[in-house]
Amino acid sequence: MTVSVAIKYAGAFVEDGRVGGHDAGATLVRRLMRVFPGSKLVGGRARHAEGFDVVPLEYLDPAETVVINMDVVDSMAVWRTLSVGGGQPRIMNFVWWNTSQFTSEVQRASLALSCALFPTFANSERTATEIREIVSSLTVPQLAEKAKIAWANLGIRLEHVQAREEPTVPIVLYPAIYLSDRKQPQLFLDVVERVHKRTPINVEARLHESHLISEKAMRLSRKDWAWVGPLTATREDYYHHLARTTAFLATAVDESYGLEYVEALVAGAVGVFPDRPWARALLPDGYPFLYGDAREAEDMLFRAVTDTAACRAELDRVAGGNFVAWLRQRHDDSQFEKQIADAVKSWFGEG
């Protein structure tokens, strides 16, 4: 049976006829629309946009539509809305964020029940493992044993990567668009300040508009060696800046995947990571720039910006000859697109 796809994401909005925004959620909505041509966007008011329709949830035909729900904890509510007419709703969860953001008992139990009841696609093996553990621990065995969970690394669009342009003064990137506590921006600020005292560097941070006026953003922007501004308008501009980035310092406590880090690494930046499971899941065994504390982070970042060529050569060695090729093989978005399309076909029929 042929089915159509509707994508549900509460953070999505239409601007000038297109899905607006540069955050990860908006980017993924646009990506899913490419994977599933003709897909609809679930929204509050029915209207036509450029190449797609916005349709209220209650207008969808559950017999003909698979709802890919990026707001996973409300899948039960989606099911109730679609089942009013007596049909059997087709709902697939898409877990594209870090499960650790759900800290309350109610949130985690709701996540567990949703992923036990509805087929779930995760953005990485790490996230899929976490989902299985949450479902197993917070639902009854009869549900947990039947849970359908698949995954693929999100990957990046390799055709966007641009040729390197080495800057005169090394550029260090803040590799996130938010200054939330989980990202540990204070650690980043402390380390780059100490590195700057040892050697000239420029720091760049491109932040979501909601974080541009934060105290930490203001503090960094007052440095004459730092630039803090909004997200780039296009992917081409984004990769142009990455092609000039020397290194980045990751400080997040946890990540579900780490798309921005992969993008920067493939563009040739040397990544300095905390020695945490989420980072090791992205990198080859023996990756040399994993720090245990702020002092180690400082020393590694200092080396990355003062002896960059040697650092890149070391990355090539641990990856068996070519670090960027190693990344490209494992983080190509075409693999993600094929596997999520295959999952819809397997779980719901022809898409």
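Throughout, read-outs are computed from the coordinates displayed, never taken from laboratory work. On a predicted model such as this, the values are computed, not experimentally measured, just so you know. In this analysis, Cβ positions are derived from the backbone assuming ideal geometry, glycine residues included, and neighbour counts consider all displayed protein chains.
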Original post:
For helix 24-35, what angle does its Cα long axis make with the longest principal axis of the chain, in degrees from 0 to 90 and rounded to 10?
Top reply: 60 degrees
Original post:
For Rg and Dmax of the Cα atoms in Å, the choices are [x] 22.1, 77; [y] 19.5, 64; [z] 21.4, 68; which was calculated from the structure?
Top reply: [z]
**OP:** Return the FRET efficiency for the residue pair residue 325, residue 84: r is the Cβ-Cβ distance, R0 is 51 Å, and the value is rounded to the nearest 0.05.
**Re:** 0.45
**OP:** Mind pulling the angle between the C-alpha long axis of helix 333-348 and the longest principal axis of the chain? Nearest 10 degrees, somewhere in 0 to 90.
**Re:** 20 degrees
Original post:
How far is it, in nm, from the label point at residue 197 to the one at residue 101 when both lie 7 Å from their Cα along the line to the Cβ?
Top reply: 3.5 nm
Original post:
Once fully extended, how much extra length lies between residue 137 and residue 240, figured as 0.36 nm per residue of separation less the alpha-carbon to alpha-carbon distance?
Top reply: 32.6 nm
Original post:
How do 251, 306 line up, fewest other C-beta atoms within 10 Å first?
Top reply: 306, 251
**OP:** Would you please give the FRET efficiency between residue 313 and residue 49, computed as 1/(1 + (r/R0)^6) with r the Cβ-Cβ distance and R0 = 45 Å, to the nearest 0.05?
**Re:** 0.40
**OP:** Work out how much length residue 181 to residue 208 would gain on full extension: take 0.36 nm times their residue separation and subtract the Cα-Cα distance, in nm to one decimal.
**Re:** 8.2 nm
Original post:
Rounded to the nearest 5, what is the percent of antiparallel bridges among the DSSP beta bridges in the chain?
Top reply: 10 percent
Subject >> Over the range 158-330: Kirkwood hydrodynamic radius from C-alpha pairwise inverse distances, Å >> reply: 16.1 Å
Original post:
Taking Cα atoms, how many degrees apart are the long axis of helix 294-306 and the longest axis of the chain, rounded to 10 and kept between 0 and 90?
Top reply: 70 degrees
Original post:
What is the order of 215, 260, fewest Cβ neighbours within 10 Å to most?
Top reply: 215, 260
**OP:** Just subtract the alpha-carbon distance of residue 276 and residue 13 from 0.36 nm times their residue separation and send over the number in nm, one decimal.
**Re:** 91.2 nm
Subject >> Selection from 225, 208, 300, by position along the positive dipole direction of the range 197-318 (Cβ) >> reply: 225
